[in-house]
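Structure, as structure tokens:
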Amino acid sequence: MDKPAPYQAVLDDVAPRLRALRTKRGLTLAALSETTGISKSTLSRLESGQRRPSLELLLPLAGAYNVPLDDLVGAPEVGDPRVRLKARAMPNGGMFLPLSRSPGPLQAYKMIINDRGTEPEPRTHEGYEWMYVLDGRLRLVLGEHDLVLGPGEVAEFDTRVPHWFSSADGRPVEILSLFGRQGERMHVRAKPRERSAGEGA
């Protein structure tokens, strides 16, 4: 009888490790599929051991989980908790810094928003957003509301409602944003004050 290959035990351990990682991160197969580009059926077969893991499949999974490839094929270790910040340009001006390094139902960002003009261009999309103003003044147009938020003020809203935001006074405004999938709510609730007649847009 042929002896099993010396690496067979390592490959056999990959399936439960992948399943445990996804469960720990609170991800669905659909969400992981969207992040990695690997089909849900392939991911399911990998986690059940019906599909042999390959480098082509493990590399995007290691990237999605933000862990070294060794962690997928060996004993997992506690990783470095620090997030490596990398600023990215926003399509309509300003910058944003992803503060969450792992895919999941809730993502955190620091955003620096420039003046986008006085004519709002509201948009809608699936999700729920919580915004906290760190510095500056933020103009938020949400449905029929036209609000100005200052440092320490918070807005929380369903992003299916038409919305748009910009600097309220021409100077960059810094905000902390938590964004979740549709139907999820943040742990902090606060109602922003409405702009008074004496405050400009």
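The values are calculated or read from the model by the stated rules, or taken from the named source; none is laboratory data. Bear in mind the structure is a predicted one, so any value in this text is a computation, not a measurement. Every residue, glycine as well, gets a Cβ built from its backbone with ideal geometry; the counts of neighbours run over all protein chains shown. When the accessible area is computed, the model is the full protein with side chains, heavy atoms only, and any ligands, DNA or RNA have been set aside. Shrake-Rupley method; radii C 1.70, N 1.55, O 1.52, S 1.80 Å.
Quick one: Met131 ticks every box in (1) at pLDDT 85 or above; (2) over 16 Å from the mean Cα position of the chain (by Cα); (3) surrounded by 17 or more Cβ atoms within 10 Å (Cβ to Cβ); (4) not small (Gly, Ala, Ser) bar one, so which box is it?
Failed condition: (2).
Just the residues that are under 16 Å from Ala62 (Cα atoms), open to solvent by 60 Å² or more (accessible area, probe 1.4 Å) and at pLDDT below 85, please, taken from the stretch 11-24.
Once the filter is applied, which keeps residues that are under 16 Å from Ala62 (Cα atoms), open to solvent by 60 Å² or more (accessible area, probe 1.4 Å) and at pLDDT below 85, the stretch 11-24 yields only Asp13.
The rows are residues; the columns are (1) free of Cβ contacts under 8 Å to residues at least 12 places away in the same chain; (2) open to solvent by 40 Å² or more (accessible area, probe 1.4 Å); (3) aliphatic (A, V, I, L, M).
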| site | (1), (2), (3) |
| --- | --- |
| Arg88 | yes, yes, no |
| Tyr109 | no, yes, no |
| Thr118 | no, yes, no |
| Thr124 | no, yes, no |
| Arg137 | no, yes, no |
| His145 | no, yes, no |
| Val148 | no, no, yes |
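Given Arg171, Arg189, which one is modelled with pLDDT under 85 and in a loop (DSSP other than H, G, I, E, B)?
Answer to the check: Arg189.
Could you tell me whether the stretch 2-10 includes any residue that is basic (Lys, Arg), at pLDDT below 80 and farther than 30 Å from Ile113 by Cβ?
yes
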